[in-house]
Amino acid sequence: MTEIFEETFRHLGTSMSSEGIDLLKCDPNCNFWFPDGECFTTSTDIARMKRQLERHDSRHGFDGFLAFLQESHQHYHQSVIHVLKKDFPGFISLLRPAFLRYLFRLHPFHTVWQRVSYLFQSHKLRQVFSLASMYLGMSPFGTPGTYTLLQYTELTGGIWYPRGGFNQIARSLADVGKRLGANYHLACPVKGIAISSDKKALSVSLDTNEIIEADAVVVNADLLYAYQELLPSYNSKPTVSRKKEDISCSAITFYWSLSEKVPRLESHNMFVGQPSGQELPDVYWNRNRLSKPSFYVHVPSRTDPSAAPEGKDTVMVLILVDNIDTSKTPKENDIDGLVADTREYLLSAIEKRTGIVGLKALIEHESFHSPPTWQDMFNSDRGSVFGLNHSFFNILAFRPHIKHDFIDGIYFVGASTHPGAGVPTCLSGAKLTAERILQDLEIPIAWQNGSSHGKKDLGKTTASGFWRAWPRIALLGVLLLMIALWQM
Ligand SMILES: Cc1cc2nc3c(=O)[nH]c(=O)nc-3n(C[C@H](O)[C@H](O)[C@H](O)COP(=O)(O)OP(=O)(O)OC[C@H]3O[C@@H](n4cnc5c(N)ncnc54)[C@H](O)[C@@H]3O)c2cc1C
């Protein structure tokens, strides 16, 4: 999704290349390693894809792939136009005619697994084309079908790595901000947000006791944490669900410096989970430690030689795990045991499937992040790494809104806010939030040539507007009822 990054830099009056960002293509895209040692390599090279697909399913494999591309192309392009670039400030915005026209073509009421099962007959191909839902911390069995767009973007646009690491993008954006007059207070947590008695944001207070007055406060910290810790409770109603099933899972990541190169591992590698009697969805994450879940291995030094000393490799392994259970004691959560068991499973699965011998002995240096790290370092509620999950009732107008529902001057951005998690999605959300603030403050939006100066009707139903809107409200009620019945 490089185009979203390009667009962000363009709207800031610059470009990635003029900021010194050098994008390197990861070729091939990804190796999918199956439990039986078989490997499927995805690529933007169509001839290579055709050969692999026909090896797995000579009759239907390539046809299924073409149909997958056609369908997920619609999912991606219509989502960019009607979801990623649009605010959903209220339920009425679900009834925009342009959005409704495409709603069913986006397959939000199907799951990713249902879509790939319809298009592919081979179980392995279904896994290859559905596992990207792990990028949202979800299993393909619960992710809305629209999200086949994740795999589509990789297959048609490729996977790109900024030379020097992903933090080059964040650094460049920070530099552009500085040039445009932004001031950063680093290593200085926000303690709270003050609200006036007539429900307007007044200021933020920092850990240093400094108070910064503000016309608008943009909250980027994890939403559940922000509602609990930053916004005064007497002023905020519990509009954000705290149900366990509504937040995304957590993750364990290992960072290994290897004393030798391991050429069997490509830049991106997905190790497909293995069912062992229990429900298939558990294959996608380490909920109960009984299953052998899927996991992802990234070798940045395969694409960018500067990521490791000559002749060596750097490796990052990511596996999804359950959140911290706040009803249990730290001993009962047993994170140390989980990390140790997970490490053994990862090393043995990588060695067995790829044929690498003695991987453990090659690790010169190791560090890891586990659920408490995400909670303590980033204030993520219960260590969840993708914010609220992306089931149907947590997306679009159901996802927490960009603007606080009843406190003026408070805006949100990031994974738990519309449009959702993932860096390009959060960047798109940041632009929507910026546009909303500029409209509210009646400041022209530079990247729209000032055409949006002044307040816009963003879907709020005023008393007089209600009578004009009631047919749409009635239709929305019927639609929601149908969806609720369908979900039961
Ligand atoms: C291991 C891992 C790998 C991932 N890989 C990818 C990937 O390859 N591609 C992709 O698109 N997405 C990826 N993601 C997801 C992506 O990183 C997130 O969806 C995205 O970063 C969310 O952005 P955010 O702004 O909501 O939160 P964050 O990026 O977490 O930013 C929130 C910031 O707020 C800060 N903060 C919290 N509380 C306070 C406070 N009180 N005061 C001041 N600051 C505070 C936090 O420290 C943090 O820096 C990955 C996530 C993880 C965990």
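Brief remarks follow.
- When each of Gly387, Gly429 is tested for being at pLDDT below 95 and on the phi > 0 side of the Ramachandran plot, the lone residue that passes is Gly387.
- Top-ranked residue of the stretch 76-86 - restricted to ones that are in a helix (DSSP H, G or I) and out of contact with any Phe, Trp or Tyr (no Cβ under 7 Å at 6 or more places or on another chain), ranked as nearest to Val112 (Cα to Cα): Ser79
- Hits in the stretch 431-447 (condition: within 16 Å of the ligand (Cβ to nearest atom) and either open to solvent by 40 Å² or more (accessible area, probe 1.4 Å) or touching a residue at least 40 places away in the same chain (Cβ under 8 Å) (or both)): Lys431, Leu432, Thr433
- Scanning the stretch 338-347 for residues that are out of contact with any helix residue (DSSP H, G or I) (no Cβ under 7 Å at 6 or more places or on another chain) and open to solvent by less than 20 Å² (accessible area, probe 1.4 Å) yields Leu338, Val339, Thr342, Leu346.
- All told, Glu351 falls short of being on the phi < 0 side of the Ramachandran plot, free of Cβ contacts under 8 Å to residues at least 12 places away in the same chain, loosely packed, with under 12 Cβ neighbours inside 10 Å and among the charged types (D, E, K, R).
- Which numbered condition Phe91 misses (of (1) at pLDDT below 90; (2) in contact with a helix residue (DSSP H, G or I) (Cβ under 7 Å, 6 or more places away or on another chain); (3) within 17 Å of Pro144 (Cβ to Cβ); (4) open to solvent by 40 Å² or more (accessible area, probe 1.4 Å)): (3)
- So Arg96, is it basic (Lys, Arg), within 15 Å of the ligand (Cβ to nearest atom) and outside the structural domain of His268 (by TED's automatic domain parsing): no
- Residue satisfying all of: in the stretch 99-110; in contact with a helix residue (DSSP H, G or I) (Cβ under 6 Å, 6 or more places away or on another chain) and not in a loop (DSSP other than H, G, I, E, B); farthest from Val413 (Cα to Cα) among these: Arg105
- Residues of the stretch 381-429 classified as assigned to a helix (DSSP H, G or I) and within 8 Å of the ligand (Cβ to nearest atom), total: 4
- The strands (runs of 3 or more DSSP E) falling completely within the stretch 290-380 that include 2 or more residues that are closer than 17 Å to Ser259 by Cβ and more than 16 Å from the ligand (Cβ to nearest atom) map to 363-369.
- Scanning the stretch 36-67 for residues that are open to solvent by 30 Å² or more (accessible area, probe 1.4 Å) and among the acidic types (Asp, Glu) yields Asp36, Glu38, Asp45, Glu54, Asp63.
- Candidates Ala170, Ala174, Ala132: the one that is within 15 Å of the ligand (Cβ to nearest atom), among the small types (Gly, Ala, Ser), buried (at least 21 other Cβ atoms within 10 Å of the Cβ) and assigned to a helix (DSSP H, G or I) is Ala132.
The values are calculated or read from the model by the stated rules, or taken from the named source; none is laboratory data. These numbers come from a predicted model, not from an experiment. FYI the Cβ positions are ideal-geometry reconstructions off the backbone, even for glycines, and counts take in every protein chain you see. Each accessible area value is taken on the protein alone, full model and side chains, heavy atoms only, with ligands, DNA and RNA left out. Shrake-Rupley method; radii C 1.70, N 1.55, O 1.52, S 1.80 Å.
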